Amino acid sequence: SGDRKSWFIVFQNVSGFFVHPVGLEVLVDHSSLDVSRWAVSRVFYNGQYYRDMVQLESAYVQGRISVQKVRRAPWDGDFSSMKPRAPWAALFPLQYEPQGPRYSVRKNQVLFQAWSFAFGMSVSRGLRLFDIRHKGERVAYEISVQEALSVYGSNCPGGMSTRYMDGSFGIGRYTSPLVRGVDCPYGATYVDTHSLSETLSPSKKKASLCIFEQNLGSPLRRHYSNLESLYYGGLVNSALVVRSIATVGNHDYVWDFIFYQNGAIEGKVQATGYTSSSFLHGDGLRYGNRVWEHTLGTIRTHSINYKVDLDVGGVKNSLVAHDMAFEMTRAPWSPEQQIERPRLTKKVLDTEDQAAFRLQSKMPRYIYFAANSKNKWGHQRGYRIQITSFAGDHVPEASSMEKAISWARYQLAVTRRKEEEPTSTSIYNQNDPWTPTVAFANFINNETITNEDLVAWITAGFLHIPHSEDIPNTVTVGNSVGFLLRPYNYYDLDPSIYSHDGVFFTGEQDFTACETNPIACLPQTASCLPNFPPFTYDGFQNM
């Protein structure tokens, strides 16, 4: 704590330089406010450490260095180039709205079917939503990204000491303009965002947030009956997506909040961008895979933290866990036979300590915020939290810097909502993790959480061991984590049954008639090509 030293890793200055290390790294002491007093305090080259550049040069002149000659890469980066290796062919499928958008955006307010909410962009934490309502009733006060953490391993000093806390750099600040037809559907609604960072005037990122309704190409629910009666009933899974993409250094994070017709909300992040790398030497393969001649794709963990301030049926909620256990019983009709049957287990989690679930620990499979009101069938109305994650291990708590990232200890922690605990971390934790400004672990102090205003802090993550298919850069497939908020006895029945998109016909009806089956009318109602606006992009302006 208090040191001002940084390892600088030298790469070839080409496109995709992140995977072009040359083997040289320098530790710069920049503790003085006088730049002329900054100095190189240590040098690393190809597995060996030197006191300074003079010692490195002397060893080189005397032939005491194992020199790895690295071929100069062309300006486009060669293997790291993002330029397609194949020409354009038939156009990929496009999405469009035959009768225009079914949602509305007015300033930062969005309306979609039974949903309404406000969106915003924090300069440090990125995309956030407020006052989320379904059928006019508030479901959540705030759902927001809190932090994106990466912890690296390597046998090179720069790699092994990397602990990226992206909120410090600014997830919102580095939100990038979106490319129509790739980053979002071509016909999406594009919104400008603004940030104030390191300047006296705000900067505008044009078209850096998009909103669109997406047909997910599968049914939200369906049933085909050929027993007793013949009918088909189904509902297309069409959802509203709010998206921003932040490029923080080598990583690109695709942030989504998705609203479904059954009252569910999904928070999701997809990771792409370039893999970071170290120069391959010695026992480097203990810390990743070789992905090019001199390039070691270094192992790292990714942890994403969200704040979910649910207000289910009002501000005061309790946390309830449902799960299962098998019980043995004798068959009532045949006592000599034994039956193993699953039964429901129930538990109210009374305190913050009970509601703090460590990263790799077993967590109840149904855990939900319960309201003080009940549905028609006598159950407490609730919203369930369901996490999708395959996180790597957390930094050992014995680490001197672990407290700064202690939110990552927990896959889920539910605490009382407090004005003095608005975020799980601080932008200052990056540069002084040994004495963190905000230590999330201190939020959990065994206070009662029964019938209180509660906040869920959710951590989802994944372990990334780079491999040859991460060249030129990482794909989003398989690198997606997040959470779902799902109604659990909140309604008397599935609210999507009231959707205008439902399809139902029987074996006795004319299912080719529009009045019976609206899908049959698509050749007429959706026969025209969409009128797409001209392609524009402002991502390279004022750079």
Looks like segment 5-80, by Cα gyration tensor root eigenvalues a ≥ b ≥ c and the a/c under 1.5 rounded cutoff (else prolate when a/b is bigger than b/c, oblate otherwise), is oblate
Determine the share of the chain's accessible area contributed by carbon and sulfur atoms, expressed in whole percent, with a 1.4 angstrom probe.
-> 53 percent
Note down the nm distance, to one decimal, between modelled labels 7 Å out along Cα→Cβ at Lys374 and at Met53.
-> 7.7 nm
Prolate/oblate/rounded call for segment 371-483, Cα gyration tensor, a/c under 1.5 rounded | oblate
Say each of Glu421 and Asn473 gets a label point 7 Å from the Cα, pointing the same way as Cα to Cβ; how far apart are those two points in nm?
-> 3.8 nm
Accessible area per residue of the chain at 1.4 Å probe, in Å²?
-> 52 Å²
For a label point 7 angstrom out from the Cα of Asp538 toward its Cβ, which stretches of segment 150-193 have the backbone nitrogen within less than 19 Å?
-> 172-193
Once Asp453 and Ser399 are pulled to full extension, the length gained, defined as 0.36 nm per residue separation minus their Cα-Cα distance, is 16.2 nm
When only the heavy atoms of the protein chains count and the probe is 1.4 Å, how do Leu296, Leu230 rank by accessible area, highest first?
-> Leu230, Leu296
Cα centroid of segment 82-137 to Cα centroid of segment 195-209, whole Å = 20 Å
Which cysteines does the chain leave without a neighbouring Cys Cβ under 4.7 Å?
-> Cys156, Cys528
Could you work out how far the C-alpha centroid of segment 345-414 sits from that of segment 470-486, in angstrom?
-> 22 Å
Applying 1/(1 + (r/R0)^6) with R0 = 25 Å to the Cβ-Cβ distance of Val179 and Arg102, what FRET efficiency is obtained, to the nearest 0.05?
-> 0.55
Simple spin-label estimate for Met160/Gln360, 7 Å along Cα→Cβ, in nm, reads 2.2 nm
Would you check the accessible area of Thr512, probe 1.4 Å, heavy atoms only, in square angstrom rounded to 10?
-> 90 Å²
Using a 1.4 Å probe and ignoring any ligands, DNA or RNA, find the accessible area of Leu493 and quote it in Å² to the nearest 10.
-> 90 Å²
Here segment 223-232 yields Karplus 3J(HN,Hα) values (6.51, -1.76, 1.60; θ = phi - 60°; whole Hz; Gly and Pro given as x) of 7, 10, 10, 10, 10, 6, 10, 10, 7, 10
Computed magnitude of the charge dipole of the chain (debye, nearest 20; Cβ of K, R +1, Cβ of D, E -1) = 340 debye
For Lys135 and Asp510, FRET efficiency with R0 = 35 Å and r from the beta-carbon atoms, rounded to 0.05?
-> 0.55
Compute the Cα gyration tensor for segment 448-497, then decide on rounded, prolate or oblate, letting a ≥ b ≥ c be the square roots of its eigenvalues: rounded whenever a/c is under 1.5, prolate when a/b is larger than b/c in the other cases, and oblate in all that remain.
-> oblate
Amide H to amide H, which residues 5 or more places from Tyr488 or on other chains are under 5 Å from it, using H placed in the peptide plane?
-> Gly382, Tyr383, Arg384
How do Leu484, Leu94 stack up against each other in accessible area, from largest to smallest, with a 1.4 angstrom probe?
-> Leu94, Leu484
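The values are calculated or read from the model by the stated rules, or taken from the named source; none is laboratory data. Predicted model, so just to flag it, every value in this text is computed and none were measured. Because the Cβ atoms are built from the backbone with ideal geometry, glycine has one as well, and the counts that use them run over all protein chains shown. The accessibility values were calculated without ligands, DNA or RNA, using every heavy atom of the protein model including side chains. Shrake-Rupley method; radii C 1.70, N 1.55, O 1.52, S 1.80 Å.
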